[in-house]
Amino acid sequence: MLCKNCGAQLPDEVEFCPDCGASQHTSTEQPTILTEMTPPDSPAPVATLECAPKKRKTGLIVSLAAVLAVAVLIAGLLLGKSLFNGTDTDTDTDTEPSASSTVPSSSQLTSQPAPEKVELVISPAKLTFEMTDADVTKFYELLDQCKTAALNGQSGDDVMKISDALDDQYEYMDSQLSIAMVLYYCDLQDESASQRYLDCTEQVTQANNDYLEMAKVLYDSDFPAKERFFEEWTDLDLAMLKAYTPEVMALRQRNSEITVAYQDLQNDPDMYTKMVPLYIEMVQNNNRMAHIFGYANYYEYAYDLVYDRDYGQDQVATMRTLVGTYMPQTIDTLMDDLIAEIGQLSNNQQMKLSAFMQNAFTDTYVDEIEGYLATLPQQARDAMLDMFDGNILLMSNMDNGQEGAFTTSVGQNRYVCFFGPGYSSPMTAIHEVGHYYGCQYTDLNDLPLDLAETQSQGNEWLFMSYLENEMGKTLYNVAVDYTLYESLCTIMISVIVDEFEQQVYTHPDIAGLTSDKLDAIMADVCKNYGGIDFISSVAADIQQYWRLVVVEQPVYYISYGVSAISAINIFTIADEDYQEAVDIYCSLIESVDLEEGFLGNIQDAGLDGPFDDEVYLKLQAMCG
């Protein structure tokens, strides 16, 4: 028979044309026709959380360097809202790899045939907040016992036994804080959940403060177990311990209150004006904490210690120049091409493309996700399947739920992948699957977040490559261009937001910044990237957009841009050799060397980095 849309010769009884994607069924219903593209809506942000530092081996010490860190939260990609005015493709834990692990790497399994069928079983996560006052009391009992045992000269074994129990108790309290956060995000208008989150934040922050105060006393004392007690502390940890004051605790707690107050504004028509005083106060708080630890401002502190970046301001300045030189024209050209391409799609194809970009994966692309997972080595496949059926996935269907998606630890070897209302498209799900896969091999508190974002976005692009044989050539090409368009917008907006934040955190009169002055800073930044009118026409209303990301993700956004470049490279490799791309992607998760940082690991994997002009020429060529 002939295709009803393009006229191609088809086998009898086929449901969709493999060439153009058009349905072969006759229907009396008239499909919605998407005749024009609109720029992405400005999404609400995925929240971050100021909380106590996590442990490497002995809980409370770790990352004193990251005392301001966004805790155990790997956010989803927020920038790429649908061109069809739909929702976005998301934008983000802790298992520690062991040398004695018996888990085989995917590279050892690539020669094994994939199973004929992978079944996606979705088992929603069930979370219960269980922390009580008794748990807090137990922490302080152990804290007192630890201090007393050390100062009374008890043996190292005795002191460390108590210290380990203290670490475990703190970890439990901190995991309960994560649960309180997730339950609050399920319904931001639930006042009891909001208050529980604030109360738990205060308790955990206070516990961390009191532990550090005890540690300072012990460090200034001589006791038999001193060397063992501090053996996991780095020189930087010790330096920051000496600088720590209770003022840090108060500032962190206030920032948590600001975050909740900011969330309460989400449905306020004056949100964009009312959030400015909250933002300015948080900037001042963050800078004050950075000053306590010896940094000129929070922007520099965050680069060095919160996000563990192995590139500095000189390299980012280079990236800004490259993005400003290449991205505006490339994005503009790609958008014009997309408008033409989408205009040539059939009604059915347009609906399928819209569904792919914005509808829940549970309603649209389960078969395709199953097929994709079947192409992966067993270890990778099993890890990803576990996200769906391992009591991991939590989808909020409340209208007042937090927009966005993220993966977070809620206890030892326990994670939750949260999907807010409207944030459960196939690409969003695949993004979080990538994060969850990474959780199985590396403690994401130690993993550079730029690398974590490459792992999640890389999974999206690998999945996109797989879809070539599932969508039909015409629809697939448009889907690729659409996804590439969103990624290029991500790179540009990430650089813009980062430069804006740098100017705010280094401004000589932060207290005097008003809404208009902040908008003027942003407008000035945008001059180097095609101008504010251009950016708002092809990507997002940038004067609204910055207000949606800087409170809950301070100085984080550059990670989306640098990781997007490496992730796109996985797709270009897959276009030549899918199996090679699979092996590279799996190695990027299973063979991480933390000592090499983000740049070292992507270089080892053979991927492009974000600071070379040849990379931008390649991206330009892809869109030509």
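The values are calculated or read from the model by the stated rules, or taken from the named source; none is laboratory data. Predicted model, so just to flag it, every value in this text is computed and none were measured. Please note: Cβ atoms are built from the backbone with ideal geometry, for glycine as well, and neighbour counts cover all protein chains shown. Areas reflect the complete protein model, heavy atoms only, side chains present, ligands, DNA and RNA absent. Shrake-Rupley method; radii C 1.70, N 1.55, O 1.52, S 1.80 Å.
Values computed for the structure shown
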| item | result |
| --- | --- |
| Condition check for Glu130: among the acidic types (Asp, Glu), open to solvent by 40 Å² or more (accessible area, probe 1.4 Å) and touching a Gly at 6+ places or on another chain (Cβ under 6 Å) | no |
| Matching residues in the range 589-611 - criterion: being over 20 Å from Glu576 (Cβ atoms), of a type outside the set (S, T, N, Q) and not in a helix (DSSP H, G or I) | Val592, Asp593, Pro610, Phe611 |
| Flag if Ile570 is crowded, with 23+ Cβ neighbours inside 10 Å and either more than 24 Å from Asp337 (Cβ to Cβ) or of a type outside the set (Lys, Arg) (or both) | yes |
| Matching option when the condition is out of contact with any Phe, Trp or Tyr (no Cβ under 7 Å at 6 or more places or on another chain) and closer than 26 Å to Gln378 by Cβ, among Ser456, Ser487, Ser465 | Ser456 |
| Odd one out for Gly422, checked against (1) open to solvent by 10 Å² or more (accessible area, probe 1.4 Å); (2) closer than 30 Å to Asp577 by Cα | (2) |
| Members of the range 155-194 found to be among the polar types (S, T, N, Q), at pLDDT 95 or above and open to solvent by 60 Å² or more (accessible area, probe 1.4 Å), listed by number | Ser192 |
| Helices (runs of 4 or more DSSP H) lying entirely in the range 204-323 (those with 1 or more residues that are hydrophobic (A, V, I, L, M, F, W, C)) | 226-229, 235-243, 246-264, 271-292 |
| Residue match in the range 479-486 (condition: of a type outside the set (Gly, Ala, Ser), touching an Asp or Glu at 6+ places or on another chain (Cβ under 7 Å) and more than 21 Å from Met181 (Cα to Cα)) | yes |
| Residue that is more than 22 Å from Asp314 (Cβ to Cβ), within 23 Å of the chain's Cα centre (by Cα) and either modelled with pLDDT of 95 or more or among the polar types (S, T, N, Q) (or both), where the choices are Thr490, Thr514 | Thr490 |
| Selection count where residues are more than 21 Å from Thr205 (Cβ to Cβ) and surrounded by 16 or more Cβ atoms within 10 Å (Cβ to Cβ), scope the range 239-265 | 1 |
| Subset of the range 509-547 that is open to solvent by 40 Å² or more (accessible area, probe 1.4 Å) and of a type in the set (Lys, Arg) - its residue that is farthest from Met335 (Cα to Cα) | Lys517 |
| Qualifying residue in the range 576-590 (condition: within 22 Å of Leu305 (Cα to Cα), modelled with pLDDT of 95 or more, open to solvent by 40 Å² or more (accessible area, probe 1.4 Å) and not aliphatic (A, V, I, L, M)) | no |
| Matching option when the condition is modelled with pLDDT of 95 or more, under 14 Å from the mean Cα position of the chain (by Cα) and within 24 Å of Tyr556 (Cβ to Cβ), among Gly458, Gly438 | Gly458 |
| Count - residues of the range 482-508 that are over 22 Å from Asn287 (Cβ atoms) and either open to solvent by 40 Å² or more (accessible area, probe 1.4 Å) or touching a strand residue (DSSP E or B) at 6+ places or on another chain (Cβ under 6 Å) (or both) | 0 |
| Test: residue in the range 507-515 that is closer than 13 Å to Tyr279 by Cβ, in contact with a helix residue (DSSP H, G or I) (Cβ under 6 Å, 6 or more places away or on another chain) and in a helix (DSSP H, G or I) | yes |
| Hey, Met275 at pLDDT 95 or above and of a type outside the set (Gly, Ala, Ser) or not | yes |
| Odd one out for Asp399, checked against (1) closer than 18 Å to Ala355 by Cβ; (2) open to solvent by 10 Å² or more (accessible area, probe 1.4 Å) | (1) |
| Cβ-Cβ under 6 Å pairs, at least 6 apart or on other chains, the range 343-354 side on the phi < 0 side of the Ramachandran plot and open to solvent by less than 20 Å² (accessible area, probe 1.4 Å), far side modelled with pLDDT of 90 or more and not in a helix (DSSP H, G or I) | none |
| Condition met for Asp336 (surrounded by fewer than 20 Cβ atoms within 10 Å (Cβ to Cβ), in a helix (DSSP H, G or I) and among the acidic types (Asp, Glu)) | yes |
| Pair list, Cβ < 9 Å and 6+ apart or interchain, from the range 494-509 residues that are polar (S, T, N, Q) to residues that are assigned to a loop (DSSP other than H, G, I, E, B) and surrounded by fewer than 24 Cβ atoms within 10 Å (Cβ to Cβ) | Gln502/Asn297; Thr506/Ala296; Thr506/Asn297 |
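So that you can scan it fast, the table gives a plain yes or no per residue for (1) in a helix (DSSP H, G or I); (2) over 15 Å from Glu257 (Cα atoms); (3) acidic (Asp, Glu):
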site: Met160; (1), (2), (3): yes, yes, no
site: Ser163; (1), (2), (3): yes, yes, no
site: Leu166; (1), (2), (3): yes, yes, no
site: Glu171; (1), (2), (3): yes, yes, yes
site: Asp174; (1), (2), (3): yes, yes, yes
site: Ile179; (1), (2), (3): yes, yes, no
site: Tyr185; (1), (2), (3): yes, no, no
site: Ser194; (1), (2), (3): yes, no, no
site: Tyr197; (1), (2), (3): yes, no, no
